[in-house]
1. Whether any residue in the range 210-233 is modelled with pLDDT of 90 or more, within 28 Å of ALA100 (Cα to Cα) and open to solvent by 20 Å² or more (accessible area, probe 1.4 Å) is what I want to check.
2. Residue under question is ARG292, and the condition is that it be in a loop (DSSP other than H, G, I, E, B) and open to solvent by 40 Å² or more (accessible area, probe 1.4 Å); does it hold?
3. How many residues does the range 133-151 contain that are open to solvent by 20 Å² or more (accessible area, probe 1.4 Å) and either polar (S, T, N, Q) or more than 26 Å from TYR242 (Cα to Cα) (or both)?
4. Considering only residues of the range 456-477 that are open to solvent by 60 Å² or more (accessible area, probe 1.4 Å) and not in a loop (DSSP other than H, G, I, E, B), which is modelled with the lowest pLDDT?
5. Take the conditions modelled with pLDDT of 85 or more and loosely packed, with under 13 Cβ neighbours inside 10 Å and apply them to GLU72. Does it pass?
6. Assuming PRO276 fulfils every condition listed in (1) surrounded by fewer than 21 Cβ atoms within 10 Å (Cβ to Cβ); (2) assigned to a helix (DSSP H, G or I); (3) at pLDDT below 90 apart from one, which condition is it?
7. Can you give me the number of residues within the range 544-565 that are open to solvent by less than 20 Å² (accessible area, probe 1.4 Å) and not small (Gly, Ala, Ser)?
8. What pairs can you find where one residue is in the range 234-258 and closer than 25 Å to TRP163 by Cβ and open to solvent by 10 Å² or more (accessible area, probe 1.4 Å), the other is in a helix (DSSP H, G or I) and not aliphatic (A, V, I, L, M), and their Cβ atoms are less than 8 Å apart, with a gap of 6+ or different chains?
Amino acid sequence: MRYLCKNCREILLRDETAAGESVICSKCGKLTEVSQGRFMPGSLIADFQIIRLIAQGDMGNIYLADHISTGEKIALKILSESHTYDAKFIVSFIHSGRQAMKKHFKNTVQVKAVGEDDGVFFYAMEFVEGVSLTEELRQKKQLTVSRSLELVWTIAETMADAWENGEIIHRSIKPDNILTTAAGEILLADFGLARDFLDLASRSEEDRHRLVQYAPPEALSDFSMSGLDTRSDIYSLGAVFYHCVTGAYPYQNFTVSEIISGQVPLEMVDPMHLNPDLTPEIQSVIRKMLARNPKDRYRDFPELLKDLNLLKHSGKTTIRKNNEHKTHDSVTVKIGAGKRAKANKLEEMELSDSRLEEMQRKRESRAQTIIFGIFGVLVCLGIFFTLFVKWVVYEPQRSAREMEIHIARMKERSRRQKSLYQPLQKGATERLCRGVIAHCANEDFREALHFISDFTKKYPVDEKFKNELTGHVRKSIVFFRQFTNSGPAVAGIKLQSRFFGNCTVLSVKDSVITAQCGRGKNVSIQIRAFTHEEYRIYLRQVIERFGLQSEVCSYLLCTGNFGDALEKVQNKPKERRFFEKVIYGYIRTGLSNASPLEIRQMRMLYGSLDAFQKATHPKEK
């Protein structure tokens with residue numbers, strides 16, 4: 001715990017167990033008294049010395065404090081310990097506070113600092129001497145229409161400025177955050193620090209009932225509060241407007257659970273019924289601000305200000321509404337005292353015929369939706385059960401012909417499995433070729449080298465053939481690394497992409513090319529997603545850039561591109577003979593367990609039927 005020496009103003013540090021004791025200052029050597037507690041008068045939080053407790057808010061206590069560096073009076077809000085466990089909220093708290101520090105809007109309480117001191121999170125604002133709207137309503141019960149319009153106009157103008165200059169929303173417009181100074185200036189406090197609607201469970205019943213009155217429906221259904229926008233603040237301001245002109249909450253007759261769940265139709269008492277001095281135009285504005293569906297509210301604060309301006313300067317005007325308010329013969333609906341509390345000591349609430357019919361239609365529509373939903377679920381369960389019985393439980397009896405085919409397939413499968421374990425003494429070189437090409441075709445070049453080493457230890461293979469095959473695999477590794485993982489060494493190569501047009505290659509890593517398209521934007525392109533033409537153009541330029549003519553031949557051979565490999569070594573008889581021997585071994589060993597379809601694929605892979613026959617049936621010398 002830190003505090004100031006009363007004699008020399010030196011910052012001292014003592015354990016909280018020493019609270020209230022007199023100690024000797026290490027600087028001036030005089031006795032000074034330790035603060036009574038961490039948040040008691042005299043203690044320090046960051047650069048602020050607490051003077052006294054001002055108020056206890058929804059998120060924590062607010063203290064009057066001295067800013068040691070400047071000497072000015074500060075309102076210091078300290079978060080309660082229960083709020084510090086939510087890391088996501090703390091990050092949002094710090095971020096919102098810093099955003100509010102950067103931009104100061106008119107009619108707002110300026111933020112001086114936000115941060116953390118030894119586990120205590122604080123929010124320092126300029127100290128405003130005045131009263132909150134909550135205190136004003138507690139004293140007067142109900143404000144005049146002109147005073148209410150002035151308050152709503154000022155807050156709407158402030159929020160329009162905040163949205164226009166930073167797309168900032170308040171998230172917690174309520175009477176507690178609206179202050180009036182001694183000079184009559186109206187100020188809005190606590191920008192973006194809303195957490196009121198997330199902590200309802202930890203509050204008293206009275207607090208919960210008060211907070212949900214100003215909470216937009218979308219905030220009560222989305223606790224992340226990520227979907228809120230300026231229309232949410234319009235709803236909260238509409239609830240404040242309603243409270244000011246009527247002296248009651250919009251949904252005072254409903255319980256907290258009914259408001260949050262929305263399972264019962266929420267109908268507020270018409271403002272004109274509670275305050276006969278109101279005009280139909282003001283009532284229409286309030287109803288539009290308090291629309292349960294955000295789409296039915298004002299789009300933004302500038303649109304709201306246009307109607308408020310008309311109300312301030314004209315006694316009668318036409319208000320833009322989504323639903324025209326019509327006058328009907330009213331009926332009286334008794335509200336039982338056991339179900340809901342009476343609003344403003346009223347024992348009756350008047351609802352128009354049209355609203356009663358609308359409520360009835362909504363109930364019938366909701367009931368139909370539930371019935372059709374249950375019916376749909378039952379149909380889906382019936383279909384699933386039928387398919388389960390047909391495909392899993394019930395297995396139809398096979399015919400004699402189907403049994404013969406099944407037995408033949410099982411025998412063929414058994415023969416192929418046994419052939420895998422037959423001795424490889426005969427045809428070891430050919431099997432070595434097939435195993436190496438199988439590994440390289442999957443880009444497992446290192447595994448191919450291990451396979452050559454292990455295979456030649458067990459089975460007799462010509463040493464010269466082994467060394468030459470190993471050399472081709474190593475060349476393939478060199479080419480593959482330059483082709484797919486050479487980093488910025490390929491910078492400058494031109495590429496024509498079917499998605500991005502003309503591109504300039506910047507680098508390549510793990511078969512992903514980073515290139516700059518014609519619009520100057522960096523894009524990522526998978527080499528495996530190339531078309532044949534794109535692949536051919538990029539391959540040719542890489543070969544020219546790094547001089548990999550020999551390596552590309554080895555790569556084509558080892559990866560099974562036999563036709564292209566033979567074409568590359570057409571004028572090199574020695575290498576062509578070795579290539580043909582490797583290709584012959586690959587194809588020959590594949591015939592023992594190959595199906596007719598696989599044989600056709602081999603023929604297409606190798607080229608023509610004549611070339612395939614020549615490779616698989618060499619003439620005896």
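1. yes
2. yes
3. Adding up the residues that qualify gives 5.
4. Once the filter is applied, the top-ranked residue is LYS458.
5. Taking the combined requirement at face value, the residue satisfies it.
6. (2)
7. Residues meeting the conditions: 7.
8. Correct list of pairs: HIS243/PRO175; HIS243/GLN213.
The values are calculated or read from the model by the stated rules, or taken from the named source; none is laboratory data. Everything numeric in this text was worked out from a predicted model, so none of it was measured. Please note: Cβ atoms are built from the backbone with ideal geometry, for glycine as well, and neighbour counts cover all protein chains shown. These area figures cover heavy atoms from the full protein model, side chains too; ligands, DNA and RNA do not enter into them. Shrake-Rupley method; radii C 1.70, N 1.55, O 1.52, S 1.80 Å.
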